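Have a look at the structure below, then the notes.
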Amino acid sequence: MRDNYIWVVREGRNAIVVDPGDAAPVLAWLAQEGVELKGILITHHHGDHVGGVAALTARHSVPVYGPAHESIPGRTHPVVEGDIVSLPDVGLELSVLDVPGHTAGQVAYFGRCDGVPITFTGDTLFTAGCGRIFEGTPAQMHASLSKLAALPGDTLVYCGHEYTLANLRFALAVEPGNPALLARQAREQAKRDRNLPTVPARMDEECATNPFLRAAEPAVFAAAAAHAGRPLADTVDAFATLREWKNGF
Ligand SMILES: [Zn+2]
């Protein structure tokens, strides 16, 4: 799982983890830093996001927050949209958003960390892309992404995988003339050349460069119609066309 992210929020000697697909790196980090695990947040049921939960909870008796409408191993606190997850040990209070599409019951978390808005988006919104639609419909996925795109522009997006460069290659095929996209591609490539993460990214940059948040933009809509070879009915049709185009890209 070389491109999976497991996010940690640490405050002093306490930490929580998000989507621990693997326990080993988390346990090693906790031991190395002398930090105590206080909770686990899960966005969806896929193995590369929950695979480490059992081994972590075997050693640390901590609450496991996860989507109510999915089967999550070890989950103690089922969450749905509107719930608030309070994690005082690390100074976090997160609200839950239902973001189905990649999976049927996926959730995202949104809150402020030291005053900075952050969101954990799992495999719904990726930096410069989005997850595949495995269990939901294009209309659901589009609505979920629109919900995330409506978060404040300075929100930092923490997603589940390092897919940015591949996503940007597709984004440039859709919108070769978007100057914000060209600038971002150069910047993110420079980070990867130094083996630095491209995640997190700001939401306003996602809105300016991520084709899956831009299906209603005339240039993106037109590119989708040209790819489909037919007139598109609406924004959801354009979004669905983009998602299928990316699947075969
Ligand atoms: Zn997934």
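Give me the helices (runs of 4 or more DSSP H) completely within the range 18-97, filtered to those with at least 2 residues that are more than 16 Å from the ligand (Cβ to nearest atom) and more than 21 Å from the chain's Cα centre (by Cα), ordered by residue number.
Counting at least 2 such residues, we get 24-33, 53-59.
Residue by residue through the range 112-137, note down the ones that are of a type outside the set (S, T, N, Q), away from the ligand (no atom under 16 Å from the Cβ) and surrounded by fewer than 19 Cβ atoms within 10 Å (Cβ to Cβ).
Selection gives Arg112, Cys113, Asp114, Gly115, Val116, Pro117.
For the range 149-187, enumerate the residues that are touching a residue at least 40 places away in the same chain (Cβ under 8 Å), part of a helix (DSSP H, G or I) and surrounded by 21 or more Cβ atoms within 10 Å (Cβ to Cβ).
Asn167, Leu168, Ala171, Val174, Arg184
With respect to Leu151, is the statement that it is over 27 Å from Pro100 (Cβ atoms) and either among the aliphatic types (A, V, I, L, M) or in contact with a strand residue (DSSP E or B) (Cβ under 9 Å, 6 or more places away or on another chain) (or both) true?
no
Spot the failing condition for Ala190; the list is (1) under 16 Å from the mean Cα position of the chain (by Cα); (2) assigned to a helix (DSSP H, G or I), and only one is missed.
So Ala190 meets the others, but not (1).
How about the range 97-113: which of its residues are modelled with pLDDT under 95 and basic (Lys, Arg)?
Listed by number, the list is empty, since nothing qualifies.
Give the residues of the range 193-209 that are assigned to a helix (DSSP H, G or I) and not small (Gly, Ala, Ser), sorted by residue number.
Once the filter is applied, which keeps residues that are assigned to a helix (DSSP H, G or I) and not small (Gly, Ala, Ser), the range 193-209 yields Asp193, Met203, Asp204, Glu205, Glu206, Cys207, Thr209.
Which condition number in (1) more than 19 Å from Thr155 (Cβ to Cβ); (2) within 22 Å of the chain's Cα centre (by Cα) is the one that Glu206 fails?
Looking at each condition in turn, Glu206 falls short on (1).
Look at the range 158-184 and say how many of its residues are among the hydroxyl-bearing types (Ser, Thr, Tyr) and either at positive phi or within 16 Å of the ligand (Cβ to nearest atom) (or both).
Matching residues across the range 158-184 total 2.
Look at the range 98-111 and say how many of its residues are in a loop (DSSP other than H, G, I, E, B) and in contact with an Asp or Glu (Cβ under 6 Å, 6 or more places away or on another chain).
The qualifying residues number 4.
The values are calculated or read from the model by the stated rules, or taken from the named source; none is laboratory data. Predicted, not measured: the structure shown is a model, and the values here were computed from it. Don't worry about glycine lacking a Cβ; one is built from the backbone with ideal geometry, like all the others, and counts go over all protein chains shown.
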